[in-house]
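Have a look at the structure below, then the notes.
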Amino acid sequence: MLIRPSSPILPSEITPEGVWRSRREWMARSAAAAAALGMAGWAQRQAWAEAGALPGKSVPEFTVSDKPTPFKDVSSYNNYYEFGLDKGDPQRAAGALKTRPWTVSVEGEAGKPRSFDIDELLKLAPMEERVYRLRCVEGWSMVIPWVGYSLSRLLKQVEPTGNAKYVEFTTVTQRETMPGLDSRVLDWPYTEALRMDEAMHPLTMLVFGVYGKVLPNQNGAPLRLAVPWKYGFKSAKSLVRIRLLEQAPRSSWMKAAPQEYGFYANVNPQVPHPRWSQATERRIGEDGIFSPKRPTLMFNGYADQVASLYQGLDLKQNY
Ligand SMILES: Nc1nc2c(c(=O)[nH]1)N[C@H]1C(S)=C(S)[C@@H](COP(=O)(O)O)O[C@H]1N2
Ligand SMILES: [Mo]
């Protein structure tokens, strides 16, 4: 099953980008994922082996050139508080999450509100592979090849009314499978929200897979958000309800600690979290404890695409 590359030199080192992205990169990445797999636990290997293929067409304009974080790290270093607070808890416990049957209701300020079955959502738009950065407010980051499509593809289906100014996302609560729900750190269910123009931005992605396969449960199966210019907590996992609203809702994190977590949560190295600087970050799977930290980029490096959304907004006040 493991095919060793004949040379240890990565394609990225010998060909210009854009050429090596595409097929050769895909092959190198698959090999890296397979190698990472050899080191993961049996259960994880089992889940990965059983997961269905979910390929996506590579979209260069939504793909950063940073080296993707190994699958081993993407699937074992997680925040999914419903399954526990430690980074390893989700991988250990989320196998029990029931991801079928699964429906997502899209309701509120919409001309045609309705529920969507997960199998319908999987066919709603062509699957794309986009390599996004993910920056957690805790100071670490990853680079992840997500598979999915723009959230706007789904929202347009329900015909948002002129009153739809905000979009609220509610994630699943399964008492039987989620030991973390006993913890009072957050007001469950986990909810998040975006302004309508943020939700309709093409970068805002509805994600069904990673590394060419369906999402592992710990990463938010069967579908989650990826909003790459915002701190990771905005990217809610295992979505069950999407609500179009006229007024801005308060998210779980805003309720838990309003002075620490605001509505916008745009990645911004100039605005420190009250307990941590946001100026630098450590790349999981690449930077060791002793490596120099990397500078965090404004809007997580997506300023060209999204800065215009916030013209005239005081980003210190609107954190
Ligand atoms: N339902 C739910 N979604 C969630 C979280 C959570 O605890 N529960 N954690 C968030 C945080 S803080 C981060 S950094 C990302 C992590 O996504 P990943 O584990 O796929 O890297 O998920 C976000 N989505
Ligand atoms: Mo996070």
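The values are calculated or read from the model by the stated rules, or taken from the named source; none is laboratory data. Everything numeric in this text was worked out from a predicted model, so none of it was measured. Positions of Cβ are backbone-derived with ideal geometry, glycine not excepted, and every protein chain shown enters the neighbour counts.
Condition check: within 15 Å of ligand 2 (Cβ to nearest atom) and modelled with pLDDT under 95. Does Trp276 satisfy that?
Spelling it out, Trp276 is indeed within 15 Å of ligand 2 (Cβ to nearest atom) and modelled with pLDDT under 95.
Among the strands (runs of 3 or more DSSP E) contained in region 70-164, which hold 2 or more residues that are within 16 Å of ligand 2 (Cβ to nearest atom) and more than 23 Å from Arg195 (Cα to Cα)?
Output list reads 140-150.
Return the only residue of Glu198, Glu176 being within 20 Å of Thr103 (Cα to Cα) and among the acidic types (Asp, Glu).
Going through Glu198, Glu176 in turn, the sole match is Glu176.
Please go through region 181-210 and pick out each residue that is within 16 Å of ligand 2 (Cβ to nearest atom), more than 17 Å from Ala248 (Cα to Cα) and in a strand (DSSP E or B).
Residue satisfying the conditions is Val207 alone.
Taking the conditions exactly as written (touching a Phe, Trp or Tyr at 6+ places or on another chain (Cβ under 8 Å) and of a type in the set (A, V, I, L, M, F, W, C)), does Val74 satisfy them or not?
It is true that Val74 is touching a Phe, Trp or Tyr at 6+ places or on another chain (Cβ under 8 Å) and of a type in the set (A, V, I, L, M, F, W, C).
Before we move on, is Pro258 over 20 Å from Leu313 (Cβ atoms) and over 11 Å from the mean Cα position of the chain (by Cα)?
When the stated conditions are applied, Pro258 does not pass them.
Consider only pairs whose beta carbons are under 7 Å apart and that are at least six residues apart or on different chains; among these, list those whose first residue lies in region 101-114 and is touching a residue at least 40 places away in the same chain (Cβ under 8 Å) and whose second residue is of a type in the set (Gly, Ala, Ser) and loosely packed, with under 14 Cβ neighbours inside 10 Å.
Pairs found: Thr103/Ser115; Val104/Ser115; Ser105/Ser115.
Assess whether Gly212 counts as being under 17 Å from the mean Cα position of the chain (by Cα) and at pLDDT 95 or above.
Judged against the criteria, Gly212 is a match.
Hey, among Thr191, Thr173, which residue is of a type in the set (Val, Ile, Thr), within 14 Å of ligand 1 (Cβ to nearest atom) and surrounded by fewer than 20 Cβ atoms within 10 Å (Cβ to Cβ)?
Thr173 is the lone residue from the list that is of a type in the set (Val, Ile, Thr), within 14 Å of ligand 1 (Cβ to nearest atom) and surrounded by fewer than 20 Cβ atoms within 10 Å (Cβ to Cβ).
Give the residues of region 251-276 that are in a loop (DSSP other than H, G, I, E, B), surrounded by 13 or more Cβ atoms within 10 Å (Cβ to Cβ) and in contact (Cβ under 8 Å) with a residue 12 or more places away in the chain, sorted by residue number.
Passing the criteria: Ser251, Glu260, Tyr261, Gly262, Phe263, Tyr264, Ala265, Val267, Asn268, Pro269, Val271, His273.
Here is a yes/no grid of residues against (1) within 16 Å of ligand 1 (Cβ to nearest atom); (2) surrounded by fewer than 20 Cβ atoms within 10 Å (Cβ to Cβ); (3) under 27 Å from Val59 (Cα atoms):
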| site | (1), (2), (3) |
| --- | --- |
| Tyr132 | yes, no, yes |
| Pro145 | yes, no, yes |
| Ser150 | no, no, yes |
| Ala164 | no, no, no |
| Val167 | yes, no, yes |
| Arg184 | yes, yes, no |
| Leu206 | yes, no, yes |
| Tyr211 | yes, no, yes |
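Which of the residues that make up region 223-233 are near ligand 2 (Cβ under 9 Å from one of its atoms) and either more than 8 Å from the chain's Cα centre (by Cα) or β-branched (Val, Ile, Thr) (or both)?
Passing the criteria: Tyr231, Phe233.
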